[in-house]
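To start, the structure itself, in structure tokens.
The values are calculated or read from the model by the stated rules, or taken from the named source; none is laboratory data. All values reported here derive from a predicted model rather than from experimental measurement. Reconstructed Cβ throughout: ideal geometry from the backbone, glycine too, with neighbour counts over all protein chains shown.
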Amino acid sequence: ADERSELKDKIRRLLKEREAVLVAHYYVDADLQDLAEETGGCVSDSLEMARFGRDHPARTLVVAGVRFMGETAKILSPQKRILMPDLDATCSLDLGCPADEFAAFCDAHPDRTVVVYANTSAAVKARADWMVTSSIGLDIVAHLHAQGKKILWAPDRHLGGYIQKKTGADMLLWQGSCLVHDEFKGVELDLLKADYPDAKVLVHPESPANVVALADVVGSTTQLINAAQTMDATTFIVATDNGILHKMRIAAPGKHFIEAPTAGNSATCKSCAHCPWMAMNGLRNLAAVLENGNNEVFVDPEIGKLAVRSIDRMLDFAA
Ligand code: 13P
Ligand code: SF4
């Protein structure tokens, strides 16, 4: 057998031996997504990953995704052992929102309800009133706006701007962005649409406003996969990390998926439609952490106790 199938067999065996469960995001390697599903774990968006990890009885969770996903799992289940294939898998939104600068920003605006995106450090979540993911951020801000609350939002400016426009809420925005979604180009997308007049456009709301403006559906990764499956169209243009295409093709066989245009391979394209940190998760390092138990995620328990309140608010709202 080739190395790939040997590693997959080894991972299946070790997951059983270690009584561990694999929780994967749609942007990681297709083999890892398939393994998560076939071994009784889950592959999903950030909201479902958090909920699944919290509710699953396994004492060890292996999170194939980026750092904030492992930290959220640990915050929700401090008694569980959380492992990740690579602890250096971070996120440009997390990197762009240091906890000390964020705390100063909050201190300067004490009249605002602090809502942070899941893609942040535990310390930033600890300073927040609410944590939200892309699948539910709009509903939660609409709810807070209806109560007359003014919002301080961090860190993704595109998602924040989109929610602000949709809800009319008073939102003060931190100016972070996702280096993958920031590369999608509105003008080029408009030209591509002209080539495929029957195509539906699926967009993740971390994309720039002129890309979101051309969308037929805006949503989290799970919501975009559901749209691909249920919408009455055969061709879709997809503006999110291309790791999602694996699941879209399984969910909607016979349909045709086209990647939305990025800055291409020009010098300015830092990451053409694939997250460099999600790409750090592979069969080899997954097998290695299962074997040696390295790469455990720890969160300062005091920070965890504060952060869990903002996450639980979202989970209770979603329930
Ligand atoms: P989802 O919650 O939509 O899966 O998004 C997570 C993420 O990192 C998107 O870039
Ligand atoms: Fe962060 Fe963007 Fe990567 Fe998602 S795709 S983990 S938002 S850098």
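Among the conditions (1) closer than 30 Å to Asp232 by Cβ; (2) out of contact with any Gly (no Cβ under 9 Å at 6 or more places or on another chain), Arg127 misses just one, which is (1). The set of residues in the range 135-180 being among the acidic types (Asp, Glu) and surrounded by fewer than 19 Cβ atoms within 10 Å (Cβ to Cβ) consists of Asp139, Asp170. Of the residues making up the range 7-32, those that are touching a helix residue (DSSP H, G or I) at 6+ places or on another chain (Cβ under 6 Å), outside any loop (DSSP other than H, G, I, E, B) and either surrounded by 24 or more Cβ atoms within 10 Å (Cβ to Cβ) or not charged (D, E, K, R) (or both) are Leu7, Ile11, Leu14, Leu22, Val23, Ala24, Ala30.
If I ask for residues that are part of a helix (DSSP H, G or I), farther than 16 Å from Glu206 by Cα and touching a helix residue (DSSP H, G or I) at 6+ places or on another chain (Cβ under 8 Å), which ones from the range 227-250 would you list? I'd like the intermediate steps shown before the answer.
Residues of the range 227-250 that are part of a helix (DSSP H, G or I), as a first pass: 227-230, 242-250.
Of the ones still in play, those that are also farther than 16 Å from Glu206 by Cα are 227-230, 245-250.
If the condition is that a residue be part of a helix (DSSP H, G or I), farther than 16 Å from Glu206 by Cα and touching a helix residue (DSSP H, G or I) at 6+ places or on another chain (Cβ under 8 Å), then Ala228, Gln229, His246, Lys247, Met248 are the ones that fit.
The condition of being buried (at least 18 other Cβ atoms within 10 Å of the Cβ) and either modelled with pLDDT of 95 or more or charged (D, E, K, R) (or both) does not hold for Asp198. Being within 16 Å of ligand 1 (Cβ to nearest atom) and either exposed (fewer than 14 other Cβ atoms within 10 Å of the Cβ) or not in a loop (DSSP other than H, G, I, E, B) (or both) is a property that Pro253 lacks. Among the residues of the range 201-225, the ones that are part of a helix (DSSP H, G or I) and within 16 Å of ligand 1 (Cβ to nearest atom) come to 7 in all.
The condition (being buried (at least 23 other Cβ atoms within 10 Å of the Cβ) and in contact (Cβ under 8 Å) with a residue 60 or more places away in the chain) is satisfied by just one residue among Ala260, Ala287: Ala260.
Does Pro301 count as within 15 Å of ligand 1 (Cβ to nearest atom) and surrounded by fewer than 16 Cβ atoms within 10 Å (Cβ to Cβ)? For Pro301, the condition - within 15 Å of ligand 1 (Cβ to nearest atom) and surrounded by fewer than 16 Cβ atoms within 10 Å (Cβ to Cβ) - is not met. Of all the residues in the range 68-126, those that are of a type in the set (Ser, Thr, Tyr) and buried (at least 21 other Cβ atoms within 10 Å of the Cβ) number 5. Going by the conditions given, is Gly161 away from ligand 2 (no atom under 15 Å from the Cβ), at pLDDT 95 or above and not in a loop (DSSP other than H, G, I, E, B)? The answer is yes for Gly161.
In the range 11-28 there is at least one residue that is among the hydroxyl-bearing types (Ser, Thr, Tyr), modelled with pLDDT of 95 or more and within 16 Å of ligand 2 (Cβ to nearest atom).
Pairs meeting the criteria (first residue in the range 108-122 and more than 22 Å from Lys74 (Cβ to Cβ), second residue charged (D, E, K, R), beta carbons under 6 Å, at least 6 apart or on different chains) are Arg112/Lys150; Thr113/Asp129; Thr113/Lys149. Screening the candidates Ala50, Ala58 for the property of being crowded, with 18+ Cβ neighbours inside 10 Å, in contact (Cβ under 8 Å) with a residue 24 or more places away in the chain and part of a helix (DSSP H, G or I) yields one hit, Ala50.
With respect to the conditions (1) charged (D, E, K, R); (2) farther than 27 Å from Trp130 by Cα; (3) over 21 Å from the mean Cα position of the chain (by Cα), Asp300 falls short on a single one, namely (2). With the condition kept exactly as written, say whether any residue in the range 79-89 is away from ligand 1 (no atom under 12 Å from the Cβ), free of Cβ contacts under 8 Å to residues at least 60 places away in the same chain and either assigned to a loop (DSSP other than H, G, I, E, B) or in contact with a Gly (Cβ under 9 Å, 6 or more places away or on another chain) (or both). Checking the range 79-89: at least one residue is away from ligand 1 (no atom under 12 Å from the Cβ), free of Cβ contacts under 8 Å to residues at least 60 places away in the same chain and either assigned to a loop (DSSP other than H, G, I, E, B) or in contact with a Gly (Cβ under 9 Å, 6 or more places away or on another chain) (or both). Beta carbons closer than 7 Å, at least 6 apart along the sequence or on distinct chains, pair a first residue in the range 166-180 that is over 12 Å from Ala154 (Cβ atoms) with a second that is more than 16 Å from ligand 2 (Cβ to nearest atom) and assigned to a loop (DSSP other than H, G, I, E, B) for Asp170/Lys150.
Scanning the range 169-200 for residues that are in contact with a Cys (Cβ under 9 Å, 6 or more places away or on another chain) and not in a helix (DSSP H, G or I), which turns out farthest from ligand 2 (Cβ to nearest atom)? Break it down into steps so the answer makes sense when it comes.
If we filter the range 169-200 for residues that are in contact with a Cys (Cβ under 9 Å, 6 or more places away or on another chain), which is where we start, we get 174, 176, 178-180, 183.
From the residues that got through so far, the ones that are not in a helix (DSSP H, G or I) too are 174, 176, 178-180.
Working: Trp174: 14, Gly176: 9, Cys178: 3, Leu179: 5, Val180: 4 Å.
Ranking the candidates gives Trp174 first.
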